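Enquirer: Right, I'll just put the structure down here and ask away after.
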Amino acid sequence: AKFKSYLTTPRFAPFFSPEKGFLIAYFSAEFGLTDCLPLYSGGLGVLAGDHLKSASDLNLPIVGVGLLYQHGYFHQRLAADGRQEEIYPENDFYHMPLRLEKDANGNPILIDVDFKGEKAYAQIWRVDIGRVRLYLLDANIPQNPPHIQAVTFRLYDADRETRLCQEILLGIGRVRALYRLGINPTVFHMNEGHSAFAGLERIRILRQQTGISFDAAHLAVMASNVFTTHTSVPAGIDIFDPALIETYFANYAPELGISMPVLLGLGRKNPSDHHEPFCMNILAMKLSGHINAVSKLHTTVSQKLWHVLWPSVPQEDVPIKYVTNGVHVPSWVSKDMAQLYDRYLGPYWYEDPDNEKVWSRVMEIPDEELWGTHERRRERLVVFCRRRLQKQLIQRGAPHSEIMKVNQILNPEALTLVWARRIATYKRPTLIFRDPDRLAKILNDPTRPVQIIMAGKAHPADEPAKELIKQIITFAHDERFRYRFVFIEDYDLEVARYLVEGADVWLNTPRKPNEACGTSGMKAIVNGALHVSTDDGWWAEAYRPELGWRIGFGDEYDNPEHQDEVESNYLYNLLEHEIVPLFYDRGPDGLPKAWIQKMKMSMRYLCPQFNAHRMLEEYVKDFYLPAFRYWQKLDSNGFKGAQELAAWK
Ligand SMILES: *Cc1c(COP(=O)(O)O)cnc(C)c1O
């Protein structure tokens with residue numbers, strides 16, 4: 001009944017006036033929505049899921065499009081020596097909350113794209129996310145030969161040719177699917193570069209419909225394309241061998257009305273350099289009139305990284321703005337904490353979580369209630385970890401005696417630090433282990449015990465990250481850390497939920513300025529955790545001494561060894577002199593008054609800002625609506641506006 005009323009009676013007045021024709025298509029390679037839909041690998045997918053959930057709450061006219069992966073992303077198992085094994089279980093679409101889109105005769109609706117002269121088909125599944133629809137393409141169907149069926153098997157396939165086929169489906173296939181379903185979006189949002197071919201397909205269709213020139217169609221499409229970049233690290237950028245593009249786009253370029261060198265040039269810094277690889281992020285930027293990074297700091301980093309595309313303007317004028325990421329609060333807050341919010345913030349806080357006045361009422365929650373709720377969640381986390389550890393040991397064939405010892409691991413009352421995210425070298429999961437003796441002393445203090453829980457997957461092709469996991473597992477076996485440190489395998493939405501709900505301290509240690517934004521800390525804060533991070537990503541704009549802690553001085557270093565030395569020492573000092581004493585400074589009632597005060601301040605000031613509702617409102621105001629207005633201008637009178645603009649240019 002509650003859900004029906006949510007669908008039919010939006011409690012929340014739209015923050016913009018709905019207009020005819022205003023419809024956003026949201027493109028992402030992955031969507032992290034719920035445990036039973038494993039269509040994500042990590043932060044990017046969870047962000048896309050939260051984007052659609054908040055869009056539903058806010059009544060935004062948006063439609064999501066993605067791929068349906070037969071095996072999704074891998075499950076992580078660790079061998080006794082910490083070696084990561086990747087397991088790809090098969091998804092059973094018929095037992096997932098999906099429905100197949102069918103035509104009037106009951107046949108699945110198919111779209112097709114061209115792979116080197118061969119037709120590739122895909123059917124379309126639909127997921128309902130509250131009021132928003134998400135459509136997913138699936139190529140694993142009898143109409144395709146096996147090598148084409150395999151294109152939608154795995155998220156981010158490591159084979160470059162398969163990956164290109166995936167991105168042709170992600171771009172061209174998904175635009176075709178939308179039109180085939182009779183959906184006509186006016187604003188196209190590409191979340192990361194994987195979907196950049198969508199811009200080309202829009203140009204092709206526009207030319208076919210109107211007969212206007214490539215240049216005019218390019219301008220019209222560009223005016224209504226929004227592109228979000230998530231990478232700061234050049235190695236994370238999606239590139240293809242130009243020869244591969246040539247074979248796959250030989251038939252396509254003439255349909256666009258351009259030659260192959262011009263098409264290749266759209267994916268290059270220097271279009272006349274025939275050796276330069278074809279870059280999807282550059283293609284996306286050359287096809288988008290609205291570009292954004294995902295935090296304030298990330299804008300500066302992106303402007304520097306892409307200045308080469310706008311060489312005639314100063315770096316700070318490179319047209320990349322920012323919308324700092326946020327999280328969908330109702331999805332990430334624990335049930336216990338949500339009940340507390342219901343009682344003290346009033347009803348509907350979850351539909352209006354960017355309201356500062358609502359969050360200021362956090363200060364009125366009685367200390368003992370807030371602390372009691374938080375302690376209950378920490379206890380649940382400890383129980384969850386023991387259960388998972390036991391399962392891990394049984395799977396590994398560990399001796400019974402070792403399995404029985406699991407109940408001595410972790411302490412439900414100890415100060416609990418959590419580090420959980422994708423394992424990557426720049427994120428420095430082992431920073432806290434840099435001086436093992438000093439750390440052991442902190443963890444094993446008999447009256448003020450501290451414990452660390454860690455989780456994260458390494459990308460299957462990321463060997464240095466896999467090495468880090470091995471090191472971490474060595475520490476987990478070290479006698480000094482045995483009962484105070486655990487690594488939980490197979491980090492996913494479920495594990496993430498337990499961790500963010502039960503952590504006292506959410507630890508983040510990226511090497512500045514590599515973290516584009518980061519969102520897991522925001523999930524922890526809505527549950528009352530305190531954030532401790534280097535001055536990177538969203539924390540660079542959020543940190544204030546009364547809300548959490550900053551590791552280091554916010555400097556960037558040329559020597560990584562030196563940086564690790566400085567910042568790990570800083571972290572140990574913080575733990576020894578500030579964090580641990582504050583947590584264990586208990587009054588006669590057993591409550592850590594000053595700690596609770598800090599929790600409240602952090603929730604009060606950070607929750608209303610770092611959530612997905614605020615993020616969506618900024619996208620609408622700064623990107624979606626302006627893109628829609630541009631489109632209207634260029635589209636009038638048979639695209640006369642676009643033609644005039646192209647002629648003037
Ligand atoms: C939130 C989340 C992430 C992203 O965490 P970051 O701090 O942004 O790196 C990754 N994986 C899962 C399962 C998550 O829930």
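Enquirer: Looking at the stretch 1-58 only, could you name the residues that are among the aromatic types (Phe, Trp, Tyr) and away from the ligand (no atom under 14 Å from the Cβ)?
Expert: PHE3, TYR6, PHE12, PHE15, PHE16, PHE22, TYR26, PHE27
Enquirer: Another question about this same structure. Any idea which residue in the stretch 95-104 is surrounded by the fewest Cβ atoms within 10 Å (Cβ to Cβ), counting only those that are part of a loop (DSSP other than H, G, I, E, B) and among the hydrophobic types (A, V, I, L, M, F, W, C)? Break it down stepwise before answering.
Expert: Taking the stretch 95-104 as the starting set, the residues that turn out to be part of a loop (DSSP other than H, G, I, E, B) are 96-98, 101, 103-104.
Those still in the list that are among the hydrophobic types (A, V, I, L, M, F, W, C) too: 96, 98, 104.
Numbers: MET96: 16, LEU98: 17, ALA104: 5.
Once the filter is applied, the top-ranked residue is ALA104.
Enquirer: Just to be sure I understand, how many residues within the stretch 525-552 are surrounded by fewer than 21 Cβ atoms within 10 Å (Cβ to Cβ) and of a type in the set (Phe, Trp, Tyr)?
Expert: 1
Enquirer: Given the condition within 16 Å of the ligand (Cβ to nearest atom), in a loop (DSSP other than H, G, I, E, B) and within 21 Å of ASP138 (Cα to Cα), answer yes or no: does some residue in the stretch 74-94 qualify?
Expert: For the stretch 74-94, residues within 16 Å of the ligand (Cβ to nearest atom), in a loop (DSSP other than H, G, I, E, B) and within 21 Å of ASP138 (Cα to Cα): present.
Enquirer: Output the residue which, of all residues in the stretch 353-412 that are over 28 Å from the mean Cα position of the chain (by Cα), within 22 Å of GLY82 (Cβ to Cβ) and crowded, with 19+ Cβ neighbours inside 10 Å, is modelled with the lowest pLDDT.
Expert: Across the stretch 353-412, the extreme among qualifying residues is VAL406.
Enquirer: Would you list the helices (runs of 4 or more DSSP H) that sit entirely within the stretch 351-416 and hold 3 or more residues that are within 16 Å of VAL505 (Cα to Cα) and in contact (Cβ under 8 Å) with a residue 12 or more places away in the chain?
Expert: Details: elements: 356-360, 367-396, 400-404.
Fully inside the stretch 351-416 and qualifying: 367-396.
Enquirer: Here's another thing I want to ask about it. Here is a list: GLY64, GLY82, GLY72, GLY117. Which entry is out of contact with any strand residue (DSSP E or B) (no Cβ under 9 Å at 6 or more places or on another chain) and either closer than 17 Å to ILE183 by Cβ or touching a residue at least 60 places away in the same chain (Cβ under 8 Å) (or both)? Give the steps one after another, and end with the answer.
Expert: Numbers: GLY64 fails: out of contact with any strand residue (DSSP E or B) (no Cβ under 9 Å at 6 or more places or on another chain); GLY82 fails: out of contact with any strand residue (DSSP E or B) (no Cβ under 9 Å at 6 or more places or on another chain); GLY72 fails: out of contact with any strand residue (DSSP E or B) (no Cβ under 9 Å at 6 or more places or on another chain).
Sole residue among the options that is out of contact with any strand residue (DSSP E or B) (no Cβ under 9 Å at 6 or more places or on another chain) and either closer than 17 Å to ILE183 by Cβ or touching a residue at least 60 places away in the same chain (Cβ under 8 Å) (or both): GLY117.
Enquirer: Residues to consider are GLU463, GLU489; find the one that is surrounded by 18 or more Cβ atoms within 10 Å (Cβ to Cβ), of a type in the set (D, E, K, R) and within 29 Å of the chain's Cα centre (by Cα). Lay out the reasoning, then the answer.
Expert: Working: GLU463 fails: surrounded by 18 or more Cβ atoms within 10 Å (Cβ to Cβ).
None of the other options fit; the residue is GLU489.
Enquirer: If only one of ILE245, ILE282 is among the hydrophobic types (A, V, I, L, M, F, W, C), touching a helix residue (DSSP H, G or I) at 6+ places or on another chain (Cβ under 9 Å), within 22 Å of ALA48 (Cα to Cα) and modelled with pLDDT of 95 or more, which one is it? First the steps, then the outcome.
Expert: On the way: ILE245 fails: within 22 Å of ALA48 (Cα to Cα).
So the residue among ILE245, ILE282 that is among the hydrophobic types (A, V, I, L, M, F, W, C), touching a helix residue (DSSP H, G or I) at 6+ places or on another chain (Cβ under 9 Å), within 22 Å of ALA48 (Cα to Cα) and modelled with pLDDT of 95 or more is ILE282.
Enquirer: Right, here's the next one. Does the stretch 553-564 hold any residues that are surrounded by 15 or more Cβ atoms within 10 Å (Cβ to Cβ) and either assigned to a helix (DSSP H, G or I) or aromatic (Phe, Trp, Tyr) (or both), and which are they? Spell out how you get there, then give the answer.
Expert: Within the stretch 553-564, the first condition is being surrounded by 15 or more Cβ atoms within 10 Å (Cβ to Cβ), and the residues that meet it are 554, 557, 563-564.
Correct list: TYR557, GLN563, ASP564.
Enquirer: Then there's this: For the stretch 523-536, state whether one or more residues are within 15 Å of the ligand (Cβ to nearest atom), among the hydroxyl-bearing types (Ser, Thr, Tyr) and over 23 Å from LEU582 (Cα atoms).
Expert: no
Enquirer: If you take the residues of the stretch 466-504 that are away from the ligand (no atom under 14 Å from the Cβ) and part of a strand (DSSP E or B), which of them is farthest from LYS441 (Cα to Cα)? Before the answer, list the steps.
Expert: Quick first cut of the stretch 466-504, residues away from the ligand (no atom under 14 Å from the Cβ) only: 466-487, 502, 504.
If we keep only those that are part of a strand (DSSP E or B) as well, we get 485-487.
On the way: PHE485: 13, VAL486: 17, PHE487: 20 Å.
Checking each candidate, the answer is PHE487.
Enquirer: Exactly one condition in (1) closer than 30 Å to GLN609 by Cα; (2) surrounded by fewer than 21 Cβ atoms within 10 Å (Cβ to Cβ) is not met by GLY257; state its number.
Expert: All conditions are met except number (1).
Enquirer: Look at the stretch 531-586 and say how many of its residues are in contact with a strand residue (DSSP E or B) (Cβ under 8 Å, 6 or more places away or on another chain), of a type in the set (S, T, N, Q) and under 18 Å from ASP435 (Cβ atoms).
Expert: Qualifying residue count for the region: 1.
Enquirer: I would also like to ask the following. Restricting to the stretch 15-37, what's the tally of residues that are over 21 Å from THR231 (Cβ atoms), within 15 Å of the chain's Cα centre (by Cα) and crowded, with 23+ Cβ neighbours inside 10 Å? Steps first, answer last, please.
Expert: In the first step, residues of the stretch 15-37 are kept if they are over 21 Å from THR231 (Cβ atoms); the result is 15-25, 33-37.
Adding the requirement that they be within 15 Å of the chain's Cα centre (by Cα) leaves 33-34.
With the extra rule that they be crowded, with 23+ Cβ neighbours inside 10 Å, the set shrinks to 33.
Looking only at that region, the number is 1.
Enquirer: Same structure, new question: How about the stretch 436-488: which of its residues are of a type in the set (D, E, K, R) and either free of Cβ contacts under 8 Å to residues at least 60 places away in the same chain or within 20 Å of TRP506 (Cβ to Cβ) (or both)? Outline the logic, then answer.
Expert: Within the stretch 436-488, the first condition is being of a type in the set (D, E, K, R), and the residues that meet it are 437-438, 441, 445, 448, 457, 462-463, 466-467, 470, 478-480, 482, 484.
Within the stretch 436-488, ASP437, LYS441, ARG448, LYS457, ASP462, GLU463, GLU467, ASP478, GLU479, ARG480, ARG484 meet the criteria.
Enquirer: While we're looking at this one, here's another question. Just to verify a result, which residue in the stretch 505-515, among those that are assigned to a strand (DSSP E or B) and more than 7 Å from the ligand (Cβ to nearest atom), is farthest from the chain's Cα centre (by Cα)?
Expert: Once the filter is applied, the top-ranked residue is VAL505.
Enquirer: Next question. Residues that are in contact (Cβ under 8 Å) with a residue 40 or more places away in the chain: which helices (runs of 4 or more DSSP H) entirely in the stretch 196-301 hold 2 or more of them? Step through it out loud before you land on a result.
Expert: Details: elements: 197-210, 214-223, 242-249, 252-256, 260-265, 280-286.
Hits in the stretch 196-301: 197-210, 214-223, 242-249, 252-256, 280-286.
Enquirer: Now, a different point. Would you pick out the residues in the stretch 314-369 that are over 22 Å from LEU616 (Cα atoms) and of a type in the set (Ser, Thr, Tyr)?
Expert: Within the stretch 314-369, SER334, TYR341, TYR344 qualify.
Enquirer: Here are some residues: VAL187, VAL151. Which one is buried (at least 22 other Cβ atoms within 10 Å of the Cβ) and farther than 12 Å from TYR26 by Cα? Lay out the reasoning, then the answer.
Expert: Values: VAL187 fails: farther than 12 Å from TYR26 by Cα.
Among VAL187, VAL151, only VAL151 is buried (at least 22 other Cβ atoms within 10 Å of the Cβ) and farther than 12 Å from TYR26 by Cα.
Enquirer: Could you please let me know if LEU439 is within 16 Å of the ligand (Cβ to nearest atom), under 25 Å from ASP536 (Cβ atoms) and modelled with pLDDT of 95 or more?
Expert: No, not satisfied.
Enquirer: For ILE423, are the conditions met, namely being surrounded by 14 or more Cβ atoms within 10 Å (Cβ to Cβ) and either away from the ligand (no atom under 16 Å from the Cβ) or of a type outside the set (A, V, I, L, M, F, W, C) (or both)?
Expert: Values: surrounded by 14 or more Cβ atoms within 10 Å (Cβ to Cβ): yes; either away from the ligand (no atom under 16 Å from the Cβ) or of a type outside the set (A, V, I, L, M, F, W, C) (or both): no.
Criteria not met by ILE423.
Enquirer: Quick check: anything in the stretch 464-484 over 20 Å from GLY82 (Cβ atoms) and in contact with an Asp or Glu (Cβ under 9 Å, 6 or more places away or on another chain)? Explain how you work it out, then say what you get.
Expert: Filtering the stretch 464-484 down to residues over 20 Å from GLY82 (Cβ atoms) leaves none.
Looking through the stretch 464-484, none of the residues is over 20 Å from GLY82 (Cβ atoms) and in contact with an Asp or Glu (Cβ under 9 Å, 6 or more places away or on another chain).
Enquirer: Please tell me if THR447 is away from the ligand (no atom under 16 Å from the Cβ) and surrounded by fewer than 18 Cβ atoms within 10 Å (Cβ to Cβ). Reasoning before the result, please.
Expert: Numbers: away from the ligand (no atom under 16 Å from the Cβ): yes; surrounded by fewer than 18 Cβ atoms within 10 Å (Cβ to Cβ): yes.
So THR447 fits the description; yes.
Enquirer: All but one of (1) over 13 Å from TRP419 (Cα atoms); (2) within 8 Å of the ligand (Cβ to nearest atom) hold for GLY518, so report the exception by its number.
Expert: Here GLY518 meets the rest and fails (1).
The values are calculated or read from the model by the stated rules, or taken from the named source; none is laboratory data. It should be emphasised that the depicted structure is a prediction, and the values quoted were computed from it without experimental measurement. Note: ideal-geometry Cβ built from the backbone for every residue, glycine included; neighbour counts use all protein chains shown.
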